[in-house]
Amino acid sequence: MPGSRLPARGARSVSEHATRLLIVTDLFGAAEPAEDFAVRAPLAVRMRPRSIDEVRGQADALRQGSPLRRLIEGGQGVAGPLSAILWGPPGTGKTTLAHLVATAADRDFVELSAVTAGVKDVRQVMEQALRILDLYGRHTVLFLDEIHRFTKAQQDALLPGVENRHVILVAATTENPSFSIIAPLLSRSVLVTLTSLDDEQIADVLD
């Protein structure tokens, strides 16, 4: 069915397009609107920016015309959208930016952690992303957290989907990508350096 989601094993697939009605099933089998579920979501999730204008900090990475901003706004070349490596310390908004890459352009979203996922999970997401692209013309954003924990062989599994633009990889790392990410993956992605928020920006978020 058009618009359906095919979540990979161990992955979380999310779409927040305002015109879609999402139904969340509770432990007892009852269904509740996604709006009610959102009220009970963790504070960090409820406070997550839903647009570029709501993001605090990262002014350079999100400046007009920057590769990351163009990606979030749905821009792409003839071959399709690029992938991105987000490098920065914890708390700099890597997960938020990955969500924006998906939701701002109505793309599918799948999240994996390099701590628990393996090559089988990656290949399953790649196959799923290609099916969705072929059937519905919609790209999938794969957010891979802590990509530096993947071995070279595991990172190699990402290359076909990234190279052929079947999937938009948004990978997060706190380690220097020059030493923790294989060169072929780096050369096919936009490297975005993120910085910690200063006291004024943190106060702005809390307000």
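A few notes on this one:
Listed here are the residues, each with its yes/no results for (1) more than 17 Å from Leu158 (Cβ to Cβ); (2) of a type in the set (Gly, Ala, Ser).
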residue: Ser51; (1), (2): yes, yes
residue: Arg63; (1), (2): yes, no
residue: Arg70; (1), (2): yes, no
residue: Gly91; (1), (2): yes, yes
residue: Leu97; (1), (2): yes, no
residue: Gln124; (1), (2): no, no
residue: Leu130; (1), (2): no, no
residue: His139; (1), (2): no, no
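- The single condition from (1) exposed (fewer than 15 other Cβ atoms within 10 Å of the Cβ); (2) not in a helix (DSSP H, G or I) that Glu111 fails is (1).
- Considering residues of the stretch 121-140 that are basic (Lys, Arg) and assigned to a helix (DSSP H, G or I) only, the residue surrounded by the most Cβ atoms within 10 Å (Cβ to Cβ): Arg123
- Of the numbered criteria (1) surrounded by 16 or more Cβ atoms within 10 Å (Cβ to Cβ); (2) more than 8 Å from the chain's Cα centre (by Cα), the one Thr95 fails is (2).
- Hey, Ala129 within 24 Å of Leu100 (Cβ to Cβ) and modelled with pLDDT of 95 or more or not: yes
- Qualifying residue in the stretch 73-91 (condition: surrounded by fewer than 14 Cβ atoms within 10 Å (Cβ to Cβ) and of a type in the set (Phe, Trp, Tyr)): no
- Number of positions in the stretch 141-173 that are surrounded by 16 or more Cβ atoms within 10 Å (Cβ to Cβ) and either among the hydrophobic types (A, V, I, L, M, F, W, C) or not in a helix (DSSP H, G or I) (or both): 20
The values are calculated or read from the model by the stated rules, or taken from the named source; none is laboratory data. Quick caveat: nothing in here was measured; it's all calculated off a predicted structure. Because the Cβ atoms are built from the backbone with ideal geometry, glycine has one as well, and the counts that use them run over all protein chains shown.
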